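Notes follow once the structure below has been shown.
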Amino acid sequence: MAHVHAAEPPHATREYRVDFEAERVEVEGDLGSLELDGNVRVQAQRYRLLSQHLQLRRGPRGVEAEGSAQVAFCTCDEPPLRLRVSHATLAPPTDALFMNPRLEVGGVPVFWLPALWLRAPTRVGLTFPRLAYRGQDGFFAGMGGYFPLKVEEGRVSRSLTVSAGAYLFRGARVEAQLDTETSTSRVAWDHVQQTALEIDAHGSAALSEATFAYRVDALRGARAPQVSSSLEVSARRMDRARVSVSHVDRLALGFGVRADAPRGGALGDLGAIGPELYLGAARELGNSVSYDVFARSRTSAVSGSHSQTDLFQRGTVSAKLRPGPLALDLTGAEAAALQVAEYRSDGVLRGGLQARAGLPLLRHFGSVAHFLEPMIVGRGLLEATPRGSQLNDQHTLLAAGGLDSSLGQLASRQAVALGLRAGVLAHENQTQGVGMARLTADARWVGVAQSFALLGASSAPAPAMVSLSRARLGSAEGLHLLLRADGASHGSPARARVLFDESWFDPSRPFLDRDGWSAGSELTIPWTRAFSTTGSVDYDLSARELLATWGGFGYRHPCGCLAVAGFVGHRVGRGGVDAWLGFDLAP
């Protein structure tokens with residue numbers, strides 16, 4: 001093994017090293033040119049050239065290799081991707097220029113270019129072409145440019161990627177993405193007969209004594225309902241934007257600007273936008289009592305026509321007592337909201353109390369622990385809404401008893417837990433029996449999270465129910481099937497919320513908000529360590545409508561020289577089938 005150095009122009013001080021080996025070497029002049037014959041191998045950082053004859057010489061940009069050669073992007077013996085080139089200029093660690101490159105996959109030629117210039121992430125360059133079939137929009141082709149904005153010690157800490165493409169003469173798309181160590185901001189303009197603007201940005205930065213943070217999730221314009229292939233992105237109801245500066249010490253104090261608008265509105269419609277101020281505090285009062293308070297003031301201009309001020313306040317006090325063998329948890333919560341507009345005002349007062357008493361029992365069987373707790377729980381909610389000179393109130397009372405039990409292996413943290421509740425629910429002068437069951441399991445080959453609530457018939461013709469189900473069959477790192485099903489019946493979501501421990505008082509927590517049933521599944525098959533496939537289906541059982549279906553694959557070569565990903569899918573609200581294929585030479 002020998003090596004040759006190629007110096008940069010006189011104003012530079014860095015040299016490039018290229019290693020080579022061959023059966024026969026002829027030297028011309030003062031080592032300015034080398035003739036290599038027989039099993040030639042040239043290595044320049046991650047680039048490797050294989051040939052039977054090459055001429056190496058110093059050039060103004062680096063080491064030039066003249067002659068037909070195979071180029072691999074890694075050091076493995078059988079790389080999955082190679083280039084056949086007629087000339088190469090190697091200037092590691094930043095650049096490599098190839099003439100007449102022919103892309104070969106598994107030895108089969110698939111693509112040709114007159115020239116290819118590969119650059120390190122620390123240098124300005126072009127991104128790989130992007131090709132896709134976008135269903136009702138047709139074929140899409142585009143590419144872009146990459147700009148490292150800040151490089152520190154050979155590492156890119158801030159970069160900008162700008163790309164553009166066309167929908168086969170039907171429309172166009174322009175996209176820009178700014179990446180830093182603590183943020184990602186992407187903006188895309190998409191037009192096919194109609195226009196859509198996509199914004200997905202989030203990040204934070206530490207100031208001297210405060211934290212600056214922002215989050216924007218918006219999909220605007222008449223084309224917004226059709227532009228995305230993702231069901232989850234398209235189904236979001238609201239566009240939201242948040243910018244804030246906060247300081248946290250004994251108190252949490254923050255100031256910000258926010259905007260909320262229905263998803264898919266006009267490009268110039270900002271919805272309800274305005275400043276907000278918030279204040280919060282949370283502390284422990286001794287070993288068993290704690291409190292949490294929060295207040296917010298927000299003023300919004302709605303579409304520029306009128307303004308509205310929203311005041312919100314929330315407080316919680318909780319006590320965890322241990323009288324003898326019992327466990328006693330007491331919680332008191334209250335919340336108040338007031339909306340003041342030019343000609344009207346609305347408000348709501350909400351209060352809640354919870355008392356929970358249990359007898360926790362724990363027994364060890366070697367490395368296995370069994371936990372058992374008989375318990376009773378009572379909850380009361382009162383919600384009052386002013387209407388003129390009157391105060392309309394609604395109250396909900398829950399009294400239930402049940403059992404919590406879990407069995408787990410301490411060393412592996414694998415456990416199965418079961419919770420059962422049965423009781424009586426009084427809501428708006430109507431009383432009904434209720435029951436709830438919760439099952440969770442966490443093990444290598446199975447995972448389950450099931451919550452089920454049943455509300456006995458009152459004025460409804462039949463009992464109502466709520467079900468939230470998630471299950472995993474198989475190892476998360478291997479072959480596995482994910483199952484999901486959610487649903488509610490007979491107006492039960494609003495009444496059932498009080499049955500669940502994590503959401504009984506806080507209406508802002510995600511929960512079902514309407515009747516209906518849906519189900520979905522996702523199957524992942526890792527065929528090898530490098531190649532896997534995934535397929536998914538989501539279906540609306542109530543409407544008997546397919547919501548989305550998609551399949552994809554991912555390949556990553558063991559040595560890390562290549563990554564390939566593919567996708568094909570369809571979703572409701574978007575005609576046709578979407579498909580794309582992407583690859584990365586430096587994953």
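The values are calculated or read from the model by the stated rules, or taken from the named source; none is laboratory data. Only a predicted model underlies this, so the values are computations on that prediction, with no experimental measurement involved. Heads up, the Cβs are rebuilt from the backbone with ideal geometry, glycines too, and the neighbour counts pull from every protein chain shown. Quick note on the areas: whole protein, heavy atoms, side chains included, nothing else; ligands and nucleic acids left out. Shrake-Rupley method; radii C 1.70, N 1.55, O 1.52, S 1.80 Å.
Could you give me the ³J(HN,Hα) list for the range 60-70, computed from phi with Karplus coefficients 6.51, -1.76, 1.60 and θ = phi - 60°, whole Hz, x at Gly and Pro?
Each residue of the range 60-70 in turn: x, 10, x, 8, 9, 10, 9, x, 5, 8, 8 Hz.
Identify which of the listed values of Rg/Rh (Cα atoms, Kirkwood Rh) was calculated from the structure shown: (1) 1.03; (2) 1.19; (3) 1.06.
Looking at Rg/Rh (Cα atoms, Kirkwood Rh) for this model, the match is (3).
At 7 Å along Cα-to-Cβ for each site, give me the label-to-label distance between PHE294 and PHE111 in nm.
4.8 nm
Percent relative contact order of the chain, based on C-alpha pairs within less than 8 angstrom and at least six residues apart? Each step should come with its number before you reach the end.
On the way: 1552 pairs, mean separation 33.9, N = 587.
Once divided by the residue count of the chain, the mean separation gives 6 percent.
Say each of TRP189 and ASP37 gets a label point 7 Å from the Cα, pointing the same way as Cα to Cβ; how far apart are those two points in nm?
6.0 nm
Efficiency by 1/(1 + (r/R0)^6): what FRET value for LEU410 and ALA563, r their Cβ-Cβ distance, R0 = 41 Å, to the nearest 0.05? If you can, show how the numbers build up before the last one.
Values: r = 39 Å, r/R0 = 0.95.
Approximately 0.60, to the nearest 0.05.
Using the basic label-point model (7 angstrom from Cα toward the beta carbon), what is the ARG158 to LEU479 distance in nanometres?
My value for the distance between the label points is 5.0 nm.
Ignoring everything except DSSP H segments at least 4 long, calculate the 222 nm mean residue ellipticity for the chain; use -39,500 (n - 2.57) per segment, divide by total residues, nearest 500.
Numbers: 3 runs with 14 residues, N = 587.
Dividing the helical sum by the residues of the chain leaves -500 deg cm²/dmol.
Just name one of GLN339, LEU382, MET238: the one whose Cα is farthest towards the positive end of the charge dipole of the chain (beta-carbon charges, Lys/Arg +1, Asp/Glu -1).
Sorting the options by dipole projection puts first LEU382.
Can you work out ³J(HN,Hα) from phi for every residue in the range 536-549, in order, using Karplus 6.51 cos²θ - 1.76 cosθ + 1.60 and θ = phi - 60°, giving whole Hz and x for Gly and Pro?
For the range 536-549, the Karplus curve yields 9, 9, 10, 9, 8, 6, 6, 7, 6, 9, 6, 7, 6, 8 Hz.
Can you tell me the length gained on complete extension of the stretch ALA494 to GLU209, counting 0.36 nm per residue apart and subtracting the Cα distance? Display every interim value, and only then the final one.
Values: separation 285, 0.36 × 285 = 102.60 nm, distance 4.19 nm.
This chain segment gains 98.4 nm when fully extended.
Grab the Cα-Cα distance for MET99 and THR534, subtract it from 0.36 nm times how many residues apart they are, and report the gain in nm with one decimal.
Numbers: separation 435, 0.36 × 435 = 156.60 nm, distance 3.79 nm.
This chain segment gains 152.8 nm when fully extended.
Students often get this wrong: which residues of the range 265-299 have the backbone nitrogen under 14 Å from the point 7 angstrom along Cα-to-C-beta of HIS247?
So the set is 278-280.
Multiplying the sequence separation of GLU342 and ARG84 by 0.36 nm and subtracting their Cα-Cα distance, what value in nm do you get?
Details: separation 258, 0.36 × 258 = 92.88 nm, distance 7.28 nm.
Separation in residues times 0.36 nm, less the Cα-Cα distance, equals 85.6 nm.
Take the solvent-accessible surface of the protein heavy atoms, probe 1.4 Å, and return the percent of it on the chain that carbon and sulfur atoms account for. Let's see the in-between values first.
Working: 19590 of 32290 Å².
Solvent-exposed carbon and sulfur of the chain make up 61 percent of the total.
Provide the per residue accessible area, probe 1.4 Å, for the chain, rounded to a whole number of square angstrom.
Values: 32290 Å² over 587 residues.
Result: 55 Å² of accessible area for each residue.
Positive end of the dipole of the chain, charges at C-beta (+1 Lys, Arg; -1 Asp, Glu), about the Cα centre: which of GLY67, ASN39, VAL424 has its Cα farthest in that direction?
The one lying farthest along the dipole's positive direction is VAL424.
For the range 269-343, what does the relative contact order come out to in percent, with C-alpha contacts under 8 Å and a separation of six or more? Please list the in-between numbers first.
On the way: 156 pairs, mean separation 19.9, N = 75.
In percent, rounded to a whole number, it is 27.
Given a Förster distance of 41 Å, report the FRET efficiency between ASP260 and VAL174 from their Cβ-Cβ distance, rounded to the nearest 0.05.
Working: r = 26 Å, r/R0 = 0.64.
My answer for the efficiency is 0.95.
Which ³J(HN,Hα) values in Hz, rounded to whole numbers, follow from the phi angles of the range 178-191 under the Karplus curve 6.51 cos²θ - 1.76 cosθ + 1.60, where θ = phi - 60° and Gly and Pro get x?
10, 10, 10, 5, 10, 7, 9, 10, 10, 10, 9, 10, 10, 9
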